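> Pasting in a structure now, in C-alpha cells, and then I'll have a few things to ask.
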Amino acid sequence: MSKKNKPDARGFVFSTNPDFSFEENNEKVETVTPKLQKLRIRLDTKHRAGKAVTLITGYIGTEEDLEILGKQLKNYCGSGGAVKEGEMIVQGDHRDKVLQWLLKNGYTLSKKI
C-alpha cells in the first residue's frame, strides 16, 4: 500500500489529487503534573447493559502515563476496567475509593461530579 492510500488521523484514506500529501501529526504531548490535573470522577451506565462503572476523565498527558494511572487505580480498587479514548474506566461504583487514592497521590484538583 502506498503512502498515498494510508489513512491519517482525520480519516482520509486516499485522494484523487496527485499532489496531495497527508500532514504528519508529530505533536509531542507532555504529561501535566498531578497537582495541575483536573480529573472528574463519575458513575456511568450508558451502553453497558445497566452495569455501573466509575469513569475518570480530564487527564492531560501521554497515553502511556494514562495507562499506568489507570492500572494503578484498577489495582487499588481490586477490579477490572480499561483505558480508552482518554478515559479511565473502573468496573463498579468506586467513586469514593478513586477520589481518595487520587487525593492521596497529589491529584488535588480531582472531584466527583
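The values are calculated or read from the model by the stated rules, or taken from the named source; none is laboratory data. Values in this document were obtained by computation on a predicted structure and should not be read as measured data. Reconstructed Cβ throughout: ideal geometry from the backbone, glycine too, with neighbour counts over all protein chains shown. Surface accessibility is based on the protein's heavy atoms, side chains included, excluding ligands, DNA and RNA. Shrake-Rupley method; radii C 1.70, N 1.55, O 1.52, S 1.80 Å.
> Specify the residue that is modelled with the lowest pLDDT; the eligible residues are those in segment 1-26 that are open to solvent by less than 100 Å² (accessible area, probe 1.4 Å) and among the hydroxyl-bearing types (Ser, Thr, Tyr).
Within segment 1-26, the match that is modelled with the lowest pLDDT is 2.
> Please go through (1) open to solvent by 50 Å² or more (accessible area, probe 1.4 Å); (2) among the hydrophobic types (A, V, I, L, M, F, W, C); (3) in a helix (DSSP H, G or I) for residue 29 and return the number of the only condition it doesn't satisfy.
Here residue 29 clears every test but (3).
> Something else: Which of the residues belonging to segment 86-103 are open to solvent by 20 Å² or more (accessible area, probe 1.4 Å), in a helix (DSSP H, G or I) and closer than 17 Å to residue 34 by Cα?
Matches in segment 86-103: 99, 100, 101, 103.
> Could you identify the single residue in 107, 59 that is among the aromatic types (Phe, Trp, Tyr), part of a loop (DSSP other than H, G, I, E, B) and open to solvent by 30 Å² or more (accessible area, probe 1.4 Å)?
Sole residue among the options that is among the aromatic types (Phe, Trp, Tyr), part of a loop (DSSP other than H, G, I, E, B) and open to solvent by 30 Å² or more (accessible area, probe 1.4 Å): 59.
> Which of the residues that make up segment 41-56 are within 14 Å of residue 93 (Cβ to Cβ) and open to solvent by 60 Å² or more (accessible area, probe 1.4 Å)?
Within segment 41-56, 42, 43, 45, 48, 50, 51 meet the criteria.
> Which one is nearest to residue 28 (Cα to Cα), of the residues in segment 43-89 that are of a type in the set (Ser, Thr, Tyr) and without any contact (Cβ under 8 Å) to a residue 40 or more places away in the chain?
62
> Sticking with this structure for a sec: Using the structure shown, decide if residue 78 is surrounded by fewer than 17 Cβ atoms within 10 Å (Cβ to Cβ) and more than 17 Å from the chain's Cα centre (by Cα).
So residue 78 fits the description; yes.
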